[in-house]
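In what follows, a structure is listed as structure tokens, so that the remarks can point back to it.
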Amino acid sequence: MSDSEVLVVASKVKKYIRDSGDMKTSASVLEALSNKIRGMCDNAVNNARGDGRKTVLDRDFE
């Protein structure tokens, strides 16, 4: 998986934004959101490793 791969479902994000605020979504939003998710996942993996687990749990995202 490359660091530039989009990790979100574009149609769902665009629909959520449209339904929440009657706004459109720029294509660059998907990349920015994916980058934030990558960072969150990296932190969660580190938290799980720090606890000696091989499974990422919901609490690892806190």
Legend entry - More than 19 Å apart - percent of Cα-Cα pairs taken over the chain: 46 percent
Inset, instruction - Give the angle, between 0 and 90 degrees and rounded to the nearest 10, that separates the Cα long axis of helix 27-50 from the longest principal axis of the Cα atoms of the chain. - result: 10 degrees
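Length gain on complete extension for the stretch E62 to K15, per 0.36 nm per residue less the alpha carbon to alpha carbon distance? Show your work: numbers first, answer last.
On the way: separation 47, 0.36 × 47 = 16.92 nm, distance 2.66 nm.
Gain on extension, E62 to K15, equals 14.3 nm.
Where a number appears in this text, it was derived from the coordinates with a stated rule and is not lab data. All figures in this text were calculated on a predicted structure; none of them were measured in a lab.
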